[in-house]
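Accompanying notes for the structure given below.
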Amino acid sequence: MSPNDLTEGAQGVQVFDDAESVARAAAEVFARLSREAVEERGAFSVALSGGTTPRRVYELLASGEYGGRVEWPKVHVFFGDERTVPPDDAESNYRMAREALLSRVPIPTENVHRVEGLGDAAANASDYESVMRGFFGDAPWPRFDLVFLGMGDDGHTASLFPETHALEETRAWAAPNWVEKLGAWRITLTAPAVNAARRVVFLVTGASKAERLGEVLNGAHDPSRLPSQMIRPRDGLLEWYVDRAAAAKLR
Ligand code: 6PG
């Protein structure tokens with residue numbers, strides 16, 4: 001499953017045979033970075049994403065093969081975004097992570113920092129920011145060791161959807177975001193908050209993503225239409241783990 005580097009211009013893009021290989025590479029980077037972070041700083045902070053490929057990553061991390069290498073009591077889990085639903089709803093990103101991973105590994109409950117979905121989205125975003133500030137201290141931005149992101153067919157990432165208000169946020173770490181086409185509020189990390197991470201890894205699989213991925217990586221810079229283009233860590237690494245089907249339109 002060794003990844004093939006793409007063209008020079010597409011730095012940080014690794015193409016794998018299939019979604020399973022993408023998930024394995026993601027579980028591997030989680031296990032490796034968690035060890036390094038715990039050795040160097042005593043804890044590992046990660047923001048999880050919703051989506052189909054991440055679910056498989058979490059299942060792999062719950063297995064001995066990967067999870068056995070992680071010092072779970074030192075792991076702090078956050079979320080890139082959340083839907084405005086209760087935590088046991090089938091749509092909840094927290095529920096997905098709990099079922100696939102968090103309920104199956106020895107991570108202390110207090111290390112899981114979920115976003116409240118029920119109630120007022122603005123208040124929940126502000127509470128979530130306070131939770132992050134409690135963990136990261138008085139740093140100007142959250143310095144996650146790792147942020148996993150997905151990319152939607154429309155170019156959104158986390159809940160940073162095209163032409164939405166949260167894209168303009170320059171100060172908040174988390175924001176409420178009204179998404180007209182979903183007719184719903186979301187709560188999302190803001191782009192500057194993601195861009196403060198040490199490492200950001202996009203997981204993108206499937207042929208339905210190919211066209212948009214080509215635009216995001218090789219097309220003109222148009223972040224309000226393609227919010228995934230806003231993700232450029234200021235002092236960190238950006239990687240794209242994609243499968244062959246999603247990579248079909250890359251140069
Ligand atoms: C969410 C996500 C979202 C997701 C993409 C890709 O809660 O909706 O965090 O940003 O990652 O929509 O999802 P898939 O990998 O399932 O296509």
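The values are calculated or read from the model by the stated rules, or taken from the named source; none is laboratory data. All figures in this text were calculated on a predicted structure; none of them were measured in a lab. Note: ideal-geometry Cβ built from the backbone for every residue, glycine included; neighbour counts use all protein chains shown. For the accessible areas, the whole protein counts, side chains as well, though only heavy atoms, and no ligand, DNA or RNA atoms are used. Shrake-Rupley method; radii C 1.70, N 1.55, O 1.52, S 1.80 Å.
Here are the numbers:
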item: In the range 151-178, the residues that are crowded, with 22+ Cβ neighbours inside 10 Å and within 13 Å of the ligand (Cβ to nearest atom); result: MET151, GLY155, HIS156, THR157, ALA158, SER159, LEU160, PHE161, ALA166, ASN177
item: Per-region count, the range 69-127, residues within 15 Å of the ligand (Cβ to nearest atom) and of a type in the set (Gly, Ala, Ser); result: 8
item: Members of the range 118-136 that are outside any loop (DSSP other than H, G, I, E, B) and of a type in the set (A, V, I, L, M); result: ALA121, ALA122, ALA123, ALA125, VAL131, MET132
item: Failed item in (1) more than 16 Å from the ligand (Cβ to nearest atom); (2) over 21 Å from ALA23 (Cβ atoms); (3) among the hydrophobic types (A, V, I, L, M, F, W, C), with ALA193 passing the rest; result: (1)
item: Subset of the range 93-115 [free of Cβ contacts under 8 Å to residues at least 24 places away in the same chain and not polar (S, T, N, Q)]; result: TYR94, ARG95, ARG98, GLU99, GLU110
item: One residue from LEU182, LEU217 being under 18 Å from the mean Cα position of the chain (by Cα), open to solvent by 10 Å² or more (accessible area, probe 1.4 Å) and either farther than 26 Å from GLU36 by Cβ or away from the ligand (no atom under 12 Å from the Cβ) (or both); result: LEU217
item: Considering residues of the range 220-239 that are under 13 Å from GLY12 (Cα atoms) and exposed (fewer than 15 other Cβ atoms within 10 Å of the Cβ) only, the residue nearest to the ligand (Cβ to nearest atom); result: ARG232
item: Test for PRO192: is it open to solvent by less than 40 Å² (accessible area, probe 1.4 Å) and farther than 14 Å from THR157 by Cα; result: no
item: Boolean, PHE144 is open to solvent by 10 Å² or more (accessible area, probe 1.4 Å) and within 25 Å of LEU237 (Cα to Cα); result: no
